[in-house]
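The values are calculated or read from the model by the stated rules, or taken from the named source; none is laboratory data. Because the structure is predicted, anything quoted here is derived from the model rather than measured. Cβ sites come from the backbone with ideal geometry, for glycine too, and all protein chains shown count toward neighbours. What goes into the accessible areas is simple: the full protein's heavy atoms, side chains included, and nothing from ligands, DNA or RNA. Shrake-Rupley method; radii C 1.70, N 1.55, O 1.52, S 1.80 Å.
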Amino acid sequence: MSDKRFAGRRALVTGASRGIGAAVARRLAAEGADVAITARSLDTASKLAGTLAEVGALLRAYGGKVALIGADLSDEADRDRIVPEAEQALGGPLDILVNNAAMGVYAPPSDYPLRRARLHFEVNVIAPLHLAQAAIPGMRERGEGWIVNLSSATARPWAGPPYTLGGTGTGTTVYGSSKAALNRLTNGLAADLYGSGIRVNTVEPRAAVMSEGARELVGHIVREDQIESMDEMVEGVVALCDCAPERTGRVEVSLDVIAELGLTVRRLDGAP
């Protein structure tokens, strides 16, 4: 693998003020990509640490172009400007779109607030579709592109009855339902675009990745043997940012991608 395999490519990563999004953006920049990152926290952190400004400073150290786009993915008007601003700042159409941003609030579905449920689907399903639709024309014109959506094992239904539930009980139902919808959307987009050179895949961790958000949600119930490293998750993501045209429409698991392709898990700076 070339240390600069993404040289000459332009990438947009959502939810990149911290966590998996920030890590993916760093790895893409380290391997030569020009990178636009978007999140709500531009230069002031929310209740969780991390801002686009802080991540942008890390990305600029690799020498490529960097664009910071403060935006709320639940707001259609904000979403409308993300891809155009990224393309203008990076100097051309996107080659790679990583839809990482997600909303996750856990509570049983029987009395889950409908307003909050709608917001989950707006952020976790509609926003990835909206950004993909904006990026696809430029990808189609050049005959290639990579769209990677971040999913979750919570998309899978429980077997039963009786039901054996994890530590969160049925609390992941609404979040997992939105991720199941994202998986199906990914598959349909891939089928729609098959033959165009645009690959569309989802990838999920096999185990918990202890990002800032994950620690807030499930850090108190996850055992050490249930944790996957950030480097492993990112390796699975970036593999799909550079996969062959026939690898499309899949719901992938990070560690399985690494094993299948025989990849060496590298650090976020691209070093072995």
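Summary of the geometry: region 135-177 and region 51-103, compared by the centres of their Cα atoms, lie 22 Å apart. Working from label points 7 Å from Cα in the Cα-to-Cβ sense, the Ser46 to Gln88 distance is 2.5 nm. Stretched out straight at 0.36 nm per residue, the stretch from Leu114 to Ala7 would grow longer than its current Cα-Cα span by 34.1 nm.
Within the P(r) computed for region 50-94, what percentage of the Cα pairs occupies the region above 18 Å?
On the way: 367 of 990 pairs.
When all Cα pairs of region 50-94 are counted, 37 percent exceed 18 Å.
Size of the dipole of the chain about the Cα centre, Lys and Arg at +1 and Asp and Glu at -1 on the beta carbon, nothing else charged, in debye to 20? Computed charge dipole of the chain: roughly 140 debye. For region 126-167, the Stokes-Einstein estimate of translational diffusion at 37 °C and a viscosity of 0.692 mPa s comes to 244 µm²/s, using the Kirkwood hydrodynamic radius over alpha-carbon pairs.
Suppose we keep just the DSSP beta bridges with both residues in region 1-150; what percent of those would be antiparallel, to 5? Provide the component values of the computation, followed by the final result.
Working: 0 of 17 bridges.
Roughly 0 percent of the DSSP beta bridges within region 1-150 come out antiparallel.
As a ratio to 2.2 N^0.38 Å, the alpha-carbon radius of gyration computed for region 1-52 takes the value 1.20. Computed on protein heavy atoms with a 1.4 Å probe, the accessible areas place His120, His130 in the order His130, His120, largest first. Per the Debye formula on identical point scatterers at the alpha carbon atoms of region 40-142, with no solvent, log10 I(q)/I(0) at q = 0.17, 0.18, 0.24 Å⁻¹ is -0.91, -0.99, -1.39.
Among the protein heavy atoms, those of Trp158 account for about 100 Å² of accessible surface (1.4 Å probe, every chain in place).
Count the DSSP beta bridges whose two residues both fall in the chain, then state the antiparallel fraction as a percent rounded to the nearest 5.
Numbers: 0 of 28 bridges.
Percent antiparallel among DSSP bridges in the chain is about 0.
Computed over protein heavy atoms with a 1.4 angstrom probe, the accessible surface ordering of Arg9, Arg118, largest first, is Arg118, Arg9. When Phe6, Phe121 are compared by accessible area of protein heavy atoms, the largest-first order is Phe121, Phe6, using a 1.4 Å probe. Annotation: the chain has a Kirkwood hydrodynamic radius of 18.6 angstrom, from the mean reciprocal C-alpha pair distance. Across the alpha-carbon set of region 101-202, the Rg to Rh ratio works out to 1.07, Rh being the Kirkwood radius.
Summarising the amide proton neighbourhood of Gly145: residues at separation of 5 or more, or on other chains, whose placed amide H is nearer than 5 Å comprise Ile198, Arg199. Compared with the dominant Cα axis of the chain, that is its longest principal axis, helix 173-193 is turned about 40°.
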